[in-house]
1. Assess whether Ala89 counts as being in a helix (DSSP H, G or I) and hydrophobic (A, V, I, L, M, F, W, C).
2. Count, please, the residues in segment 12-44 that happen to be assigned to a loop (DSSP other than H, G, I, E, B) and either surrounded by fewer than 12 Cβ atoms within 10 Å (Cβ to Cβ) or of a type in the set (Lys, Arg) (or both).
3. Could you figure out which of (1) part of a loop (DSSP other than H, G, I, E, B); (2) modelled with pLDDT of 95 or more isn't true of Arg104?
4. If the requirement is being in contact (Cβ under 8 Å) with a residue 12 or more places away in the chain and either of a type in the set (Asp, Glu) or over 20 Å from Ile44 (Cα atoms) (or both), which of these qualifies: Asp95, Asp118, Asp86?
5. Could you tell me which of the residues Arg55, Arg77 is assigned to a helix (DSSP H, G or I) and basic (Lys, Arg)?
6. Quickly run through segment 60-77 and pick out the residues that are surrounded by 10 or more Cβ atoms within 10 Å (Cβ to Cβ) and within 14 Å of Asp50 (Cβ to Cβ).
7. Out of curiosity, is Gly92 modelled with pLDDT under 90 and surrounded by fewer than 10 Cβ atoms within 10 Å (Cβ to Cβ)?
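The values are calculated or read from the model by the stated rules, or taken from the named source; none is laboratory data. Predicted model, so just to flag it, every value in this text is computed and none were measured. As a convention, Cβ positions derive from the backbone with ideal geometry for all residues, glycine included, and neighbour counts pool all protein chains shown.
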Amino acid sequence: MKVIGVAGFKNAGKTTLVEKLVAVLTSRGHRISTVKHAHHSFDIDHEGRDSFRHRQAGASEVAVVSASRWAIIHEARGDAEPSLDDVLAKLGPCDLVIVEGYKRDNHDKIEVRNLTLDHPKLAGDDPTVVAIAANGAVANAPVPVFDRDDVTALADFIEKHKRLA
């Protein structure tokens, strides 16, 4: 499975970049999946819904299925958070998975920088960072630098780097 990460710190622009990359790469005919790591609790279910009631009753997994989409909600119930590899193994076939977060894992990553914020740098210290997407020039960068808003150039780079047909 081909994977590219989009990593950085809070308010760097990661989600916006992932959204734009998905749009460009899918418009080019690639089948793209995404994985988003959340550092907080989240819920895709709502109180009172049938699936919520199933979980509240103790179900470990609840599948919600329609003609338009389907989802499986897995309750951790105290189990350890799954690794990225565990999550990737559950995805269906695709050309590329774009991973947002998981900045400490061992897949190739594009570091997203908002130069107006004083965040630590990943490129140079992390050999898995293969490019930087920033909202300005980055002096002495150890990897190629792209304008964070030049999604076409970033998509071209990803296609070449990950050898997408």
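1. On the way: in a helix (DSSP H, G or I): yes; hydrophobic (A, V, I, L, M, F, W, C): yes.
In short, yes.
2. Residues of segment 12-44 assigned to a loop (DSSP other than H, G, I, E, B): 12-13, 28-31, 37-44.
Subsequent filtering for residues that are either surrounded by fewer than 12 Cβ atoms within 10 Å (Cβ to Cβ) or of a type in the set (Lys, Arg) (or both) retains 28-29, 31, 38-44.
Residues meeting the conditions: 10.
3. (2)
4. Details: Asp118 fails: in contact (Cβ under 8 Å) with a residue 12 or more places away in the chain; Asp86 fails: in contact (Cβ under 8 Å) with a residue 12 or more places away in the chain.
From the options Asp95, Asp118, Asp86, the qualifying one is Asp95.
5. Values: Arg77 fails: assigned to a helix (DSSP H, G or I).
When all the criteria are applied, what remains is Arg55.
6. Answer for segment 60-77, where residues must be surrounded by 10 or more Cβ atoms within 10 Å (Cβ to Cβ) and within 14 Å of Asp50 (Cβ to Cβ): Val62, Ala63, Val64, Ala71, Ile73.
7. Working: modelled with pLDDT under 90: no; surrounded by fewer than 10 Cβ atoms within 10 Å (Cβ to Cβ): yes.
In short, no.
Okay, residues lined up against (1) in contact (Cβ under 8 Å) with a residue 60 or more places away in the chain; (2) farther than 20 Å from Ala153 by Cα; (3) under 19 Å from the mean Cα position of the chain (by Cα):
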| residue | (1), (2), (3) |
| --- | --- |
| Ser41 | no, yes, yes |
| Arg53 | no, yes, no |
| Arg69 | no, yes, no |
| Asp105 | yes, yes, yes |
